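The values are calculated or read from the model by the stated rules, or taken from the named source; none is laboratory data. Everything quoted here is computed from the prediction, not taken from an experiment. Ideal geometry is used to build each Cβ from the backbone, glycine not excepted, and the neighbour counts take in all protein chains shown. Protein only, heavy atoms only, side chains kept; ligands, DNA and RNA dropped before computing areas. Shrake-Rupley method; radii C 1.70, N 1.55, O 1.52, S 1.80 Å.
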Amino acid sequence: MTTQQQNDFLTLTGPGTPMGALMRRYWIPALLSSEIPEPDCPPVRLKVLGERLIAFRDTGGRVGVMDEFCAHRGVSLWFGRNEESGLRCPYHGWKYDVTGQCIEVPSEPAESGFCNKIKLTSYPCAEIGDVVWLYMGPPQLQPPKPNFEWATVPAAARFVSKRTQECNWLQALEGGIDSVHVSFLHRHDLRSDPLHVSQGAEFTRETDARFEVIETKGGMVIGVRRPATAGKLYWRITQWIMPFHTMIPPYGDNALNGHAFVPIDDENCMSWCFTHHPARPLSAHELEVMRNGGGIHVNLIPGSFRPVVNKDNDYMIDRVAQKHHKSYSGVKGIACKTPRSRKAAVRSRTAPRRTWSRPTTA
Ligand code: FES
């Protein structure tokens, strides 16, 4: 068991925390390009590593991500007007460009240069693989742009979705790299989900799983072997890539899957779901399954990124299906089962916002 201090060290990611500083050294998937589909479209709110931000696409198609709140009286710029190469606050008309620079204060004469002194915090963006990525770290330490395989294959070979997950990023990641739960929690899904059915999936139902772990420069490779047929072993290799990416072992020629578990704040994360095939376009059938919440993707409440199946409806558990071995958990689908520790559940109901303090050594 981790101590409270160790847990805080790993899961608090706001400004000024050690894990927050580490994550800010990487490009972070922040929003789908389709959320801001065209120039001058409505801005969108987002929260990343505890920071409340606004994203918009200006008249020239450039993407800006910056502080959500106007520097004047703190109005949310979500209410702003996206027009003529900038986002204008609706209260007194201050206008910001995609870098967060204020470019107009209507109540001040332009020659005063007043607006030049106003700038919101903003972050560099990159649009790669249908995703807007953010770099929130020190400018002088900006790393190369992301080049994950899923992000660089042709668009027809890729499907990307995201959903909120009501647990912290580490709880989600633990599930992502834990092969054993698949043999229990998903054992029926492995036969019913069209994107998972395969001989390998049959072997994965075997509960006698043994682990071997190798640390790499960029994360960890987790090998798990299970008995297969004719005295052979079936190995599945999961990868964890710093700081929050995972790659799920493939089954035969099925498309590959992966996740990024990005902290929204200290109690919630955005679970990004990437499906791609490195050598062929995804089929119409695969796309249809995923758009209907199959594979690692889920159905969402319209207008949100919250799954239809969520903790407030007890994940729509079906006790009959559970009892009669149609579903091990009674919760339908692979991606709708969210780990949530009792400790985290209690803490999120009762505790004020936590701050990080350096662990003491014995
Ligand atoms: S609050 Fe935004 S311009 Fe005044």
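One residue stands out in the range 77-92 among those that are open to solvent by less than 10 Å² (accessible area, probe 1.4 Å) and in contact with a strand residue (DSSP E or B) (Cβ under 7 Å, 6 or more places away or on another chain): the one that is farthest from the ligand (Cβ to nearest atom), namely GLY86. Can we say GLU68 is charged (D, E, K, R) and either buried (at least 19 other Cβ atoms within 10 Å of the Cβ) or closer than 23 Å to HIS259 by Cα (or both)? Yes; evaluated as a whole, the condition is true for this residue.
Mind listing whichever residues of the range 238-268 are among the hydroxyl-bearing types (Ser, Thr, Tyr) and closer than 18 Å to TRP169 by Cα? Talk me through it step by step, then tell me what you get.
First, pick out the residues of the range 238-268 that are among the hydroxyl-bearing types (Ser, Thr, Tyr): 238, 246, 251.
Answer for the range 238-268, where residues must be among the hydroxyl-bearing types (Ser, Thr, Tyr) and closer than 18 Å to TRP169 by Cα: THR238, THR246.
The set of residues from the range 59-74 being near the ligand (Cβ under 9 Å from one of its atoms) and within 13 Å of ARG45 (Cα to Cα) comprises just one member, PHE69. Restricting attention to the range 114-130, the residues that are open to solvent by less than 20 Å² (accessible area, probe 1.4 Å), away from the ligand (no atom under 12 Å from the Cβ) and in a loop (DSSP other than H, G, I, E, B) total 1.
None of HIS285, HIS259 is in contact (Cβ under 8 Å) with a residue 60 or more places away in the chain and either loosely packed, with under 15 Cβ neighbours inside 10 Å or not in a strand (DSSP E or B) (or both) except HIS285.
Yes or no, residue by residue, for (1) open to solvent by 60 Å² or more (accessible area, probe 1.4 Å); (2) part of a loop (DSSP other than H, G, I, E, B):
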residue: THR2; (1), (2): yes, yes
residue: LEU31; (1), (2): no, no
residue: GLU38; (1), (2): yes, yes
residue: LYS47; (1), (2): yes, no
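Whenever a residue of the range 45-67 is at pLDDT 95 or above, its partners that are polar (S, T, N, Q) and surrounded by 15 or more Cβ atoms within 10 Å (Cβ to Cβ), lying with C-beta atoms within less than 6 angstrom and at least six residues away or across chains, give the pairs LEU49/THR13; PHE56/ASN82; ASP58/SER85; THR59/SER85; MET66/SER122. Does any residue of the range 97-112 turn out to be within 12 Å of the ligand (Cβ to nearest atom), open to solvent by less than 50 Å² (accessible area, probe 1.4 Å) and not β-branched (Val, Ile, Thr)? Yes. PRO42 satisfies every condition listed in (1) within 16 Å of ARG81 (Cβ to Cβ); (2) free of Cβ contacts under 8 Å to residues at least 12 places away in the same chain except (2). The sole residue among ALA151, ALA156 that is part of a helix (DSSP H, G or I), at pLDDT 95 or above and open to solvent by less than 20 Å² (accessible area, probe 1.4 Å) is ALA151.
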